[in-house]
1. Where does helix 205-225 land angle-wise versus the long Cα axis of the chain, in degrees 0 to 90, nearest 10?
2. Please report, to one decimal in angstroms, the Kirkwood hydrodynamic radius of the chain built from all distinct Cα-Cα pairs.
3. Going by amide H atoms built from the backbone, whose H comes under 5 Å of the H on TRP86, apart from near neighbours?
4. Please go through the residue pairs LYS16/LYS84; LYS16/LYS76; LYS71/LYS132; LYS160/LYS226; LYS16/LYS130 and name each one whose alpha carbons sit more than 21 Å apart in this structure.
5. Residue-wise, which Karplus ³J(HN,Hα) couplings in Hz belong to the stretch 18-35, taking 6.51 cos²θ - 1.76 cosθ + 1.60, θ = phi - 60°, and x for glycine or proline?
6. So who's got an amide H within less than 5 Å of the one on ILE117, skipping anything under 5 residues away but keeping other chains? H placed 1.01 Å off N, in plane.
7. Using the Karplus curve 6.51 cos²θ - 1.76 cosθ + 1.60 with θ = phi - 60°, work out ³J(HN,Hα) for each residue of the stretch 145-152 in order, rounded to whole Hz, and write x for Gly and Pro.
8. Compute, for the chain, the length of the dipole vector about the Cα centre, with Cβ point charges of +1 (Lys, Arg) and -1 (Asp, Glu) only. Units Debye, rounded to 20.
Amino acid sequence: MQEFATRVEARFRFSKKEVLWLFITSLIASFVLTFRKWGGETFNLEEGLVNFVIACILVFIFLFIHFSVQKLVALKLGYVSHYKVWINGLLISLIICFFSYGYIPLFFTGSLLHDVIPKLRAGVFRGGVKHKDLGVIAFAGPLSNIILAGLFAPLYLATKSSFFYAVILINLLMAIFSLLPIPTFEKLRQFAGGTTGLYLFIASRWVFVLVFATVIGYAALILWFKIFSYVIALLIGGLITIVYYSQFEIKS
């Protein structure tokens, strides 16, 4: 534990560039999330600005937590990570937002790129980058969002506040969209890493199915039935994973 604390003290940080890109990502995501308030029949400039600013603050905070948890797990496993925005992903988010008139609030969170620190990987067999490690790091991000949604659940159930519901919704969407397994690219045929979901998918397909199905199940329970249950969501994810594994993994 003391060694990990030393690693965190010496190497855990966000550069100014990373913070800037996180802020820009938050602006795009907040615009997508509040677009219907700006362009709907009930257009109200003041209300739209207030919703946009609140959404931007919340998205930035939860993005920061999302990637902070991933950076900490990366340090634990012997990597130093830095945030990389996916510019084309942000443009895709805006295009889908405009064409769907805000009914598809899709946004891409970006991802982390990892550098191996030999000193931190001392004693690890073949201490280079391992897909399993990247999968564990990737999983930590959406997990933090799901835990946050669960922590705010009692406050929402007690108050029925639209603010707490928005907090829960932002974390659910962040977890879901970050898990979409998409390779990132800036130029045609130039692969530049991938989303959190892609790293998890490469590490283990059946684990990816379990995580993604569980997160989708948890979100569906909340949005449609106002049921906050990790157990039911995990059961849903487990059943879907069993079907997937029996139909695809065993046969292959």
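1. Between helix and principal axis, roughly 20 degrees.
2. Numbers: mean 1/r = 0.0518 Å⁻¹.
Over the chain, the inverse of the mean reciprocal pair distance is 19.3 Å.
3. Residues meeting the amide H criterion: GLY110, SER111.
4. On the way: LYS16/LYS84 12 Å; LYS16/LYS76 23 Å; LYS71/LYS132 16 Å; LYS160/LYS226 11 Å; LYS16/LYS130 28 Å.
Checking Cα-Cα distances, LYS16/LYS76; LYS16/LYS130 exceed 21 Å.
5. Once θ is set to phi - 60°, the couplings for the stretch 18-35 become 4, 4, 4, 5, 4, 5, 5, 4, 5, 4, 5, 4, 5, 4, 5, 5, 9, 4 Hz.
6. Distant-sequence amide H within range of ILE117: VAL80.
7. 5, 5, 5, 4, 4, x, 5, 7
8. Its charge dipole is roughly 740 debye.
Throughout, read-outs are computed from the coordinates displayed, never taken from laboratory work. From a predicted model like this one, the values you see are computed outputs, not experimental measurements. Because the Cβ atoms are built from the backbone with ideal geometry, glycine has one as well, and the counts that use them run over all protein chains shown.
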